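**Q** Take this structure first; my questions come after.
The values are calculated or read from the model by the stated rules, or taken from the named source; none is laboratory data. Keep in mind that this is a model prediction, so the values were computed, not measured. All Cβ positions, even for glycine, are placed from backbone atoms using ideal geometry, and neighbour counts span all protein chains on display. Ligands, DNA and RNA are excluded from the accessible area calculation, which covers all protein heavy atoms including side chains. Shrake-Rupley method; radii C 1.70, N 1.55, O 1.52, S 1.80 Å.
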Amino acid sequence: MSLVQRTPAGHDQATGAADRAARPTVAAALPDPLETALRRLRLEGAIFLRAEYCEPWAYESLPGPATAAILRPGTDRLVLFHVVAHGTCWVQVDGHEKHWASSGDVVVLPYGDQHRMGGVGESESVPLMSIMEAPPWSRMPLIRHGRDGEQTDVVCGFLHSEDVLFDPTLRVFPPAFVVRPEGHAGAEWVRANVEFALAQAEASPLGPDAVSTRLPEMLLVE
């Protein structure tokens with residue numbers, strides 16, 4: 001909402017004259033350029049994986065270009081996201097801080113960097129491809145990994161965009177961050193979108209855009 005400063009007196013009375021006492025502040029006249037750019041984006045998003053991890057557990061992903069080549073052949077960069085449907089986990093890009101996420105949170109990796117992900121308990125990271133079905137996939141892969149502790153359920157997806165905002169050489173965003181939808185309504189919106197996408201996955205052959213969703217686009221803007 002833009003803010004306008006007004007005073008009780010001193011308004012111009014002539015019809016059509018500019019009101020000198022009602023000029024918007026400089027901040028209101030200049031919207032945040034990053035926010036404006038994000039809201040103009042049109043991103044292609046899809047959910048491609050779901051996982052059931054049991055404590056203790058941890059894995060390390062493929063390098064970014066290798067992941068992109070599998071999920072969307074012909075490109076070398078994707079935005080990755082992990083929706084935590086239940087439980088608690090962390091994600092970390094080498095050399096950067098560890099981000100924690102819990103039920104309803106969404107972890108975003110805007111440059112699809114190679115990363116590690118794990119649970120609360122200490123565990124050695126295993127290569128992702130050692131715990132999941134090798135591509136190509138005719139259905140959405142399901143990973144089951146860990147031991148016999150508390151379970152964390154995660155739904156993974158990607159976004160594709162050639163926009164300069166996602167150019168890994170510029171690094172406009174941090175390598176990883178967590179989005180927490182505000183309030184009950186926000187959490188329910190995420191849950192409903194995930195359930196709808198998973199229902200689509202059960203009825204459709206898996207391809208780069210088979211289980212499309214605007215969920216990651218809207219979350220990234222948020």
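**Q** Those residues that are outside any strand (DSSP E or B) and either open to solvent by 90 Å² or more (accessible area, probe 1.4 Å) or on the phi < 0 side of the Ramachandran plot (or both), I need them from the stretch 88-103; list them, please.
**A** Of everything in the stretch 88-103, those that are outside any strand (DSSP E or B) and either open to solvent by 90 Å² or more (accessible area, probe 1.4 Å) or on the phi < 0 side of the Ramachandran plot (or both) turn out to be Val93, Asp94, His96, Glu97, Ser103.
**Q** A follow-up question, please. How many residues are open to solvent by 20 Å² or more (accessible area, probe 1.4 Å) and either within 17 Å of the chain's Cα centre (by Cα) or over 16 Å from Cys54 (Cβ atoms) (or both) if we restrict to the stretch 105-122?
**A** 3
**Q** Check off (1) under 20 Å from Phe166 (Cα atoms); (2) touching a residue at least 60 places away in the same chain (Cβ under 8 Å) for Gln114 and give me the number that stays unchecked.
**A** Condition not satisfied by Gln114: (2).
**Q** Every residue in the stretch 118-129 that is in contact with a Phe, Trp or Tyr (Cβ under 8 Å, 6 or more places away or on another chain) and more than 14 Å from Asp148 (Cα to Cα), please.
**A** Answer for the stretch 118-129, where residues must be in contact with a Phe, Trp or Tyr (Cβ under 8 Å, 6 or more places away or on another chain) and more than 14 Å from Asp148 (Cα to Cα): Gly118, Ser125, Val126, Pro127, Leu128.
**Q** Are any residues in the stretch 176-193 of a type in the set (D, E, K, R), farther than 12 Å from Val83 by Cα and in a loop (DSSP other than H, G, I, E, B), and if so, which ones?
**A** Once the filter is applied, which keeps residues that are of a type in the set (D, E, K, R), farther than 12 Å from Val83 by Cα and in a loop (DSSP other than H, G, I, E, B), the stretch 176-193 yields only Glu182.
**Q** Which count do you get for residues in the stretch 59-81 that are of a type outside the set (S, T, N, Q), open to solvent by 10 Å² or more (accessible area, probe 1.4 Å) and out of contact with any Phe, Trp or Tyr (no Cβ under 8 Å at 6 or more places or on another chain)?
**A** Residues meeting the conditions: 10.
**Q** Report, by residue number, each residue of the stretch 134-175 that is out of contact with any Gly (no Cβ under 8 Å at 6 or more places or on another chain), among the acidic types (Asp, Glu) and either in a strand (DSSP E or B) or open to solvent by 60 Å² or more (accessible area, probe 1.4 Å) (or both).
**A** The answer is Asp148, Glu162.
**Q** In the stretch 46-58, which residues are open to solvent by 10 Å² or more (accessible area, probe 1.4 Å) and in contact with a helix residue (DSSP H, G or I) (Cβ under 8 Å, 6 or more places away or on another chain)?
**A** Answer for the stretch 46-58, where residues must be open to solvent by 10 Å² or more (accessible area, probe 1.4 Å) and in contact with a helix residue (DSSP H, G or I) (Cβ under 8 Å, 6 or more places away or on another chain): Phe48, Arg50.
**Q** Next question. With respect to Glu182, determine if the residue is surrounded by fewer than 13 Cβ atoms within 10 Å (Cβ to Cβ) and more than 14 Å from the chain's Cα centre (by Cα).
**A** Here the answer is yes, as Glu182 does meet what is asked.
**Q** Further, regarding this structure: Given the conditions (1) in contact with a Ser or Thr (Cβ under 7 Å, 6 or more places away or on another chain); (2) modelled with pLDDT of 85 or more; (3) hydrophobic (A, V, I, L, M, F, W, C), which single one is not true for Leu43?
**A** Only one criterion in (1) in contact with a Ser or Thr (Cβ under 7 Å, 6 or more places away or on another chain); (2) modelled with pLDDT of 85 or more; (3) hydrophobic (A, V, I, L, M, F, W, C) is unmet by Leu43, namely (2).
**Q** Quick one: would you say Gly112 is among the small types (Gly, Ala, Ser) and in contact with a Gly (Cβ under 6 Å, 6 or more places away or on another chain)?
**A** So Gly112 fits the description; yes.
**Q** A further question on this structure: Can you pull out the residues in the stretch 66-84 that are in contact (Cβ under 8 Å) with a residue 40 or more places away in the chain and more than 18 Å from the chain's Cα centre (by Cα)?
**A** Ile70, Pro73, Thr75 - these are the residues of the stretch 66-84 that are in contact (Cβ under 8 Å) with a residue 40 or more places away in the chain and more than 18 Å from the chain's Cα centre (by Cα).
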